[in-house]
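Here is the structure we will look at.
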Amino acid sequence: MSGSDPVELPGRAAVAKVVGPIVAAIIVLGFYFVRLGHKAFVWIGSGEPAAIALGVGVLILPVLGVWIVVATLRAALAHQHLARRIHDEGLELDVSRLPRLPSGRIERAAADELFASVEAEWEADPDNWRISYRLARAYDYAGDRARARQTMRRAVALEQHERREV
């Protein structure tokens, strides 16, 4: 999550500018994981106890790396799905009039005020994924990244539950 302006739905060229480097990074990581895995199997196949132990340890790295890449991509796609739905429903947080620092970030007092208003909405209906999404964005604008991620995960789970119920 970033502390940027409300979600704007980009055109094909803008999507390509974002997706292209992601795909390139995944290809590079895939190459790295394959090479690392190959090296691990070479060490394991050597028959020497120290090399086998090293090979097993190194083999964990590509497995962990693949898991991290998959988990990150799944989360990004889920967040983008929610952002699109929120945009389509006209429920984005309007931060266009909030005062900004020279860096472009929203001033802390304004972000805290925005957060307080969205938190009040959430307290009235904590099981609404839309409000949880808005709360996650408010946390992000207020600079609390850990709670923003946690709340966004909750919003994703609530939205998925809602889709299964329909």
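The values are calculated or read from the model by the stated rules, or taken from the named source; none is laboratory data. All of these numbers come straight from a predicted model, not from anything done at the bench. Cβ placement follows ideal geometry from the backbone for every residue including glycine, while neighbour counts extend to all protein chains displayed. Side chains included, ligands, DNA and RNA excluded: accessible areas come from the protein's heavy atoms. Shrake-Rupley method; radii C 1.70, N 1.55, O 1.52, S 1.80 Å.
Can you find a residue that is over 20 Å from residue 22 (Cα atoms), over 17 Å from the mean Cα position of the chain (by Cα) and part of a loop (DSSP other than H, G, I, E, B) anywhere in segment 68-90? Scanning segment 68-90 turns up at least one residue that is over 20 Å from residue 22 (Cα atoms), over 17 Å from the mean Cα position of the chain (by Cα) and part of a loop (DSSP other than H, G, I, E, B).
The numbered conditions (1) in contact with a helix residue (DSSP H, G or I) (Cβ under 6 Å, 6 or more places away or on another chain); (2) surrounded by 11 or more Cβ atoms within 10 Å (Cβ to Cβ) are all true for residue 105 except (1). Within segment 91-134, the set of residues being outside any loop (DSSP other than H, G, I, E, B), under 20 Å from residue 161 (Cα atoms) and not hydrophobic (A, V, I, L, M, F, W, C) comprises 123, 130, 132, 133, 134.
Test residue 126 against the criterion of being surrounded by fewer than 14 Cβ atoms within 10 Å (Cβ to Cβ) and touching a helix residue (DSSP H, G or I) at 6+ places or on another chain (Cβ under 7 Å), and give yes or no. When the stated conditions are applied, residue 126 does not pass them.
For the condition surrounded by fewer than 11 Cβ atoms within 10 Å (Cβ to Cβ), at pLDDT 90 or above, out of contact with any His (no Cβ under 9 Å at 6 or more places or on another chain) and farther than 30 Å from residue 155 by Cα, residue 49 qualifies. When segment 10-38 is examined, which residues are found to be outside any helix (DSSP H, G or I) and either open to solvent by 60 Å² or more (accessible area, probe 1.4 Å) or modelled with pLDDT of 90 or more (or both)? Scanning segment 10-38 gives a single hit, 10. In this entry, residue 7 passes the filter for residues that are touching an Asp or Glu at 6+ places or on another chain (Cβ under 9 Å) and at pLDDT below 90. Within segment 107-128, residues that are under 15 Å from residue 158 (Cβ atoms) sit with their Cβ atoms under 6 Å from residues that are of a type outside the set (S, T, N, Q), at 6+ positions apart or across chains, in these pairs: 121/131; 122/131; 122/135; 125/131. Looking at the structure I just gave you, is residue 110 over 30 Å from residue 23 (Cα atoms), over 18 Å from the mean Cα position of the chain (by Cα), among the small types (Gly, Ala, Ser) and open to solvent by less than 80 Å² (accessible area, probe 1.4 Å)? Yes, satisfied. Determine whether segment 54-77 contains at least one residue that is open to solvent by 60 Å² or more (accessible area, probe 1.4 Å) and of a type in the set (Lys, Arg). Yes, some residue in segment 54-77 is open to solvent by 60 Å² or more (accessible area, probe 1.4 Å) and of a type in the set (Lys, Arg).
State yes or no: is residue 97 more than 20 Å from the chain's Cα centre (by Cα) and basic (Lys, Arg)? Considered against the rule, which asks whether it is more than 20 Å from the chain's Cα centre (by Cα) and basic (Lys, Arg), residue 97 comes out as yes.
All of (1) in contact (Cβ under 8 Å) with a residue 60 or more places away in the chain; (2) under 15 Å from the mean Cα position of the chain (by Cα) hold for residue 143 with one exception: (2).
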